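The values are calculated or read from the model by the stated rules, or taken from the named source; none is laboratory data. Everything numeric in this text was worked out from a predicted model, so none of it was measured. Every residue, glycine as well, gets a Cβ built from its backbone with ideal geometry; the counts of neighbours run over all protein chains shown. Side chains are part of the model used for accessible areas, which takes the heavy atoms of the whole protein and leaves out ligands, DNA and RNA. Shrake-Rupley method; radii C 1.70, N 1.55, O 1.52, S 1.80 Å.
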Amino acid sequence: MADMVIKHIPEDFIVQEVLVADYSPDPEGRENLLFQLDKKGYSTFDAIQLIEEWFGITDCESAGLKDSDGVTSQKISVPIRYQDMTDRLEAFNRETRTEKTFIHLSFLGYAAEPVKAARLEGNAFRLRLRNMDNALAQSWLECQIYTLSFPNYFDKQRFGMPGYKKVTHLLGEALYNKDYKAAYEYLVQGGTKEAKLPFNGDHKAFFDQIDPRIRGFYDSALYSMDFNERLGNILEECGEVVPVEDEGIIFRMPKTKNTMSALMAEEFPEKRMGRFRVKTLEQEVPSKLIVTSNINFLSCEEDEYYPGRSVLTVSFFLPMGAYATMAMKQLEIFLGKY
C-alpha cells in the first residue's frame, strides 16, 4: 500500500491555535498589544525575528511554535510601548508577501498580560491527506467521525528542519556534553539558518551568539528524544507495537488499542519515567502519555497531484504539545495499513 502523504503543499496543513485571551479595544490598564499572526513558509521563530527586525522592536511573545510547512494562525503580543507599529501593519503585510509565502499581522486589541504558553489550550487542524487508496479513503469517509487514541510522542518536527537530516537531538546532546565541534557539525547537517552565522573557528563562541530561544530548542530536542524512548519502552511492555520509520526517526506505535489500555487513565508515571521532565519552550511534558481526539472525515475527492488516487479532508482538535502528524501515523495503523 502506498503511503499517505501529508503536507504535499502548505495548504494541505492548516492549523489554528486555540488561545482564549482577555483583550479589549480600550488600552486603559493594559500593557500589551495583541495580534493575530497568520503565516505560510515561516516558522514561528523566523516570523517573530522578521517582525522584530522590521518594526525595530523586542520582547515579542508567542505561546506555541508553528512549523514553516503549513498555513498557520496564532496570537502574539508585544509591549504597549510599541503602539505605533499598528500604523505600519499594512506596509508590513504587503512587503512580506511573496508568491509562495506570507506573514500577515492583524491587530486584535489591548491585553493586560503578554501571550503565555500556560494559556494555550491547543490547536485545531484541517488536513488534506493525499495519495490515498480510493476504496480506503471512501471507507474512512463513511466513518464520519472516529475516536482516535495515540501515544504522545514528539514527532520528527522536534528533531530537524523539513528536508534535512533529523539530528537536532544529537546537536542538543553535543551541547550538553560541551562538545561544541560536534554540535557545529550537526548544526550544518540540520540545515538551519543558524549554520550561516559568522564562524571564526571558535566553536563555543559560535554557539554563544545564537539566540537563547533557539538554543533552548536544541536542548529540548535532546530531552524530547529521551522521552520518546522511555514511552516506547512502556508501550512495548504493555502490548504489540509497530515500528514506524519517518526520516530516520523510529516510533514504536501501538498495533491495537489494547496496547494503550493500561495507560489511558494514567497520569505521567513518575516512578517508571524516573521523574523525568522534558523542558521545552512551550511547557513541560504533558501529564498524559496517551492523547485522544475525535477525527472528523469531511470530504473525499480525486487527488490532482497523485493521479488515480484520492485526497481525504479531515479536521480535529489536539491539546497543547500533541502532534497532528503523530495522530495520522496512528490513524493509518488502526484504519487499514497494518
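Going through (1) surrounded by fewer than 20 Cβ atoms within 10 Å (Cβ to Cβ); (2) among the polar types (S, T, N, Q); (3) at pLDDT 95 or above one by one, ASN32 falls short only on (1).
To keep it simple, each residue is scored yes or no on (1) under 25 Å from the mean Cα position of the chain (by Cα); (2) exposed (fewer than 14 other Cβ atoms within 10 Å of the Cβ); (3) under 30 Å from PHE154 (Cβ atoms).
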| residue | (1), (2), (3) |
| --- | --- |
| SER43 | yes, no, yes |
| VAL78 | yes, no, yes |
| ASP87 | no, yes, no |
| GLU90 | no, yes, no |
| ARG97 | yes, yes, no |
| LEU105 | yes, no, yes |
| GLY109 | no, no, no |
| ALA112 | no, yes, no |
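Taking segment 185-203 as the search range and keeping residues that are in contact (Cβ under 8 Å) with a residue 12 or more places away in the chain and farther than 18 Å from GLY216 by Cβ, which one is surrounded by the fewest Cβ atoms within 10 Å (Cβ to Cβ)? That would be PHE199. Here is the figure for segment 210-231: residues that are over 18 Å from the mean Cα position of the chain (by Cα), open to solvent by less than 20 Å² (accessible area, probe 1.4 Å) and touching a residue at least 24 places away in the same chain (Cβ under 8 Å) total 1. Among residues of segment 242-266 being out of contact with any Phe, Trp or Tyr (no Cβ under 9 Å at 6 or more places or on another chain) and surrounded by fewer than 19 Cβ atoms within 10 Å (Cβ to Cβ), the one that is nearest to MET4 (Cα to Cα) is ASP246.
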